[in-house]
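Asker: If you scroll down you'll find the structure; I have some questions about it.
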Amino acid sequence: MILLTKRNNEKFLLNYLQIQCIEMIPETKIVMMNHDYFLVCETIEEIIAKIAEYNAKVQDIHREISVEDRH
């Protein structure tokens, strides 16, 4: 889940695994697999960075659990 900001400055969490595509219209429009969409304040680059950061955290947690399980 990544934290994003709607155009009205409301914060929300988004399951990025359900993103179908992201459009620039010129706002950032995130289209979900169920065809719902969100207009957000973040740029595509910021969204990609948030996804990468979240995935890195998940990998670190998995790595820590794997190492502890071996002992």
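Asker: Please tell me if HIS62 is surrounded by 10 or more Cβ atoms within 10 Å (Cβ to Cβ), modelled with pLDDT under 95 and farther than 18 Å from LEU3 by Cα. Outline the logic, then answer.
Answerer: Numbers: surrounded by 10 or more Cβ atoms within 10 Å (Cβ to Cβ): yes; modelled with pLDDT under 95: yes; farther than 18 Å from LEU3 by Cα: yes.
Answer is yes for this residue.
Asker: Now for a separate question. Scan region 25-44 residue by residue and report those that are modelled with pLDDT under 95 and either touching a helix residue (DSSP H, G or I) at 6+ places or on another chain (Cβ under 8 Å) or open to solvent by less than 70 Å² (accessible area, probe 1.4 Å) (or both). Steps first, answer last, please.
Answerer: Filtering region 25-44 down to residues modelled with pLDDT under 95 leaves 25-27.
Scanning region 25-44 gives a single hit, GLU27.
Asker: Provide a single number: the residues in region 1-19 that are under 12 Å from the mean Cα position of the chain (by Cα) and open to solvent by 50 Å² or more (accessible area, probe 1.4 Å). Steps first, answer last, please.
Answerer: Just the residues of region 1-19 that are under 12 Å from the mean Cα position of the chain (by Cα), to begin with: 1-5, 12-19.
This time we only want the ones that are open to solvent by 50 Å² or more (accessible area, probe 1.4 Å), so: 1, 3, 13, 15, 17-18.
So the answer is 6.
Asker: Filter region 1-27 for residues that are aromatic (Phe, Trp, Tyr) and outside any strand (DSSP E or B) and give the result. I'd like the intermediate steps shown before the answer.
Answerer: Of the residues in region 1-27, the ones aromatic (Phe, Trp, Tyr) are 12, 16.
Passing the criteria: only TYR16.
The values are calculated or read from the model by the stated rules, or taken from the named source; none is laboratory data. Quick caveat, the model's predicted, so the values are computed rather than measured. Methodologically, a virtual Cβ is constructed for each residue, glycine included, from the backbone with ideal geometry; neighbour enumeration extends over all protein chains shown. For accessibility, only protein heavy atoms count, side chains too; no ligands or nucleic acids. Shrake-Rupley method; radii C 1.70, N 1.55, O 1.52, S 1.80 Å.
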